Amino acid sequence: MKKTRLAAVALATAAIAATAATYTNPVLPGFYPDPSVCRVDSDFYLVNSSFQFFPGVPVWHSRDLVHWEQIGNALDRPSQLPLGESGAWLGIYAPTIRYHEGTFYMITTNVGPHAGGNFFVTATDPAGPWSEPVWLEQGGIDPSLYFEDGKAYMTSNPDGAIYLCEIDLSTGAQLTPSRAIWQGTGGRHPEAPHIYKKDGWYYLMIAEGGTELGHGVTMARSRDIYGPYTPAPSNPILSNFRMAAQSSRIQGVGHADLVDAPDGSWWIVALGYRTVANGVHTLGRETMLAPVRWDEGAWPVVNADGTLDIDMNAPTLPLHAVAERPELTDFTALTHLGPEWVYLRNPHPENYALGSDGLTLTATPVTLDDSDSPTWTGVRQTQHRFTAITKMSPDAAAPAGATAGITVYMDGGSHYDLAAESLGDGRQQLVCTLRLNAITHRFDAIPLPEGATAVLRVDGEEDMYSFSVSTDGARTWIPAGQANARYLATETAGGFTGMTIGLFATAPTSTKATFKNFLYRTEQ
């Protein structure tokens with residue numbers, strides 16, 4: 001760890017905090033969309049959607065809204081999170097986190113034929129454990145909770161509008177009929193409703209325009225929680241789909257949540273994505289932060305002009321740095337993976353083992369292309385420029401066609417793989433394979449000497465992934481393949497997720513591959 005990082009950690013430990021005049025977006029880089037935030041005293045807690053990945057709904061803690069530390073995942077048991085064959089369009093949609101009378105509530109939607117719809121879970125400690133789901137009757141997606149005078153209200157968006165009802169927190173039973181309270185300003189997909197009360201007004205904030213270029217945040221208010229709601233004259237209050245932000249690399253801004261700080265200031269978290277060449281995005285939708293001016297009785301004004309950017313000229317709260325994740329994960333020293341490691345759909349725990357040799361993956365016939373749960377575990381790609389390296393030992397007795405390695409994975413139809421492949425006679429070769437929906441391509445294979453450890457490497461740039469291998473302990477590198485990043489972009493691959501870097505094993509019959517470590521180093 002660099003000395004500057006050690007110094008930052010020391011300052012945080014000593015609770016010595018100073019403000020800064022600027023900060024950088026995204027505050028949560030990589031596939032962390034649909035942020036929702038709440039405050040308890042001087043602590044902030046944030047959650048994101050997770051779609052087909054398990055565990056679901058990462059939970060974060062911060063003291064300054066700029067530096068975040070993942071403290072767990074709200075949905076970490078199959079009983080909470082049945083994912084079935086969910087792909088990148090399904091699974092866990094946008095959550096909301098709220099705190100009420102000593103209890104944290106996380107409400108969300110599990111979308112898919114197996115899933116069950118809207119539910120909430122509770123915890124007294126946001127790091128977990130969280131309860132089993134309490135299922136709700138009102139449909140739609142992006143549910144939120146609002147508490148007042150001993151009542152709990154739920155909002156969501158069935159039938160193309162924002163609906164409100166009162167619910168029983170102990171059972172989830174709906175106590176009042178669902179009532180439509182606002183249809184938005186006319187943008188498509190009115191969703192992500194949140195209610196706030198300030199200065200005697202109920203403010204209803206939603207997202208409109210779809211989670212692409214036309215995305216934005218709109219607001220209305222009423223003296224009565226059931227309406228009628230009057231739209232803000234300055235709608236959208238936040239959107240980069242305007243001339244002032246047309247040159248910004250951040251686009252698709254929307255789906256927001258407001259929070260007040262202990263000093264009385266207001267802030268907004270929202271999703272957005274960083275574009276690369278040709279305007280596409282590969283990292284998914286990320287969590288952004290902007291200051292809000294909210295005068296008494298007035299409408300909130302986001303960042304003065306209703307846009308946000310990467311470099312934000314805004315004074316921060318007193319800064320509290322958090323320890324950065326180590327670049328090197330030494331599997332030989334672990335008893336469990338950190339909360340940043342996820343699986344595809346509901347994993348089979350027996351296929352993953354940590355020990356003195358490292359992380360041993362037991363291969364199954366399920367491949368990365370399939371909609372079941374392959375033997376795969378990975379982390380989100382958080383910056384365009386990165387290096388990922390893993391040392392792995394394939395099984396010399398593996399059957400022909402067995403593969404194990406590293407993958408840049410968007411979804412089942414879009415991924416780039418670098419793997420050791422068994423020829424079935426004790427020989428192994430290293431090969432880079434591209435999967436681009438209906439198109440596949442294999443680069444020339446590189447023989448792996450008998451008994452050698454394979455070192456697999458991926459180097460990422462904004463527009464390119466480069467793959468290389470080493471068979472002599474990372475002293476020399478052999479190019480294995482190169483592919484343009486845009487073919488894995490959301491605009492090409494589809495879905496609601498972003499890029500992940502994973503380790504995997506697949507084989508026609510059970511066999512094992514052992515990974516000693518995993519290095520992930522990024523550059524801004």
Check your understanding: Of these, LEU359, LEU317, which one is assigned to a strand (DSSP E or B), over 23 Å from the mean Cα position of the chain (by Cα) and under 29 Å from GLU523 (Cβ atoms)?
Key -> LEU359
Practice item. Please go through segment 448-457 and pick out each residue that is part of a strand (DSSP E or B) and under 14 Å from ASP395 (Cβ atoms). Key: LEU448, ALA454
Study note, to complete from the structure: Going through segment 215-228 in order, the residues found to be assigned to a loop (DSSP other than H, G, I, E, B) and either of a type in the set (Val, Ile, Thr) or surrounded by fewer than 20 Cβ atoms within 10 Å (Cβ to Cβ) (or both) are ARG223, ASP224, ILE225, TYR226, GLY227, PRO228
Check your understanding: Within segment 476-524, how many residues turn out to be closer than 19 Å to VAL431 by Cα and either without any contact (Cβ under 8 Å) to a residue 24 or more places away in the chain or among the charged types (D, E, K, R) (or both)?
Key -> 6
Check your understanding: Only one residue in ASP330, ASP411, ASP369, ASP357 is within 30 Å of ILE250 (Cα to Cα), modelled with pLDDT of 95 or more and of a type in the set (Asp, Glu). Which one?
Key -> ASP411
Exercise for review: Keeping to segment 84-106, report how many residues are crowded, with 16+ Cβ neighbours inside 10 Å, within 15 Å of the chain's Cα centre (by Cα) and closer than 30 Å to ASP370 by Cβ.
Suggested key: 8
Check your understanding: When you look at TYR196, is it buried (at least 20 other Cβ atoms within 10 Å of the Cβ), under 16 Å from ARG98 (Cβ atoms), assigned by TED's automatic domain parsing to the domain that holds MET288 and not basic (Lys, Arg), yes or no?
Key -> no
Review point. Is it true that some residue in segment 316-327 is in contact with a Pro (Cβ under 9 Å, 6 or more places away or on another chain), of a type in the set (A, V, I, L, M, F, W, C) and not assigned by TED's automatic domain parsing to the domain that holds ARG435?
Key: yes
Practice item. Kindly establish whether GLY210 is assigned by TED's automatic domain parsing to the domain that holds TYR273, on the phi > 0 side of the Ramachandran plot, small (Gly, Ala, Ser) and in a strand (DSSP E or B). Key: no
Check your understanding: In segment 426-447, what residues are within 14 Å of PHE467 (Cβ to Cβ) and not in a strand (DSSP E or B)?
Key -> PHE443, ASP444, ALA445
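The values are calculated or read from the model by the stated rules, or taken from the named source; none is laboratory data. Every value quoted in this text rests on a predicted model; they were computed, and no experiment measured them. Heads up, the Cβs are rebuilt from the backbone with ideal geometry, glycines too, and the neighbour counts pull from every protein chain shown.
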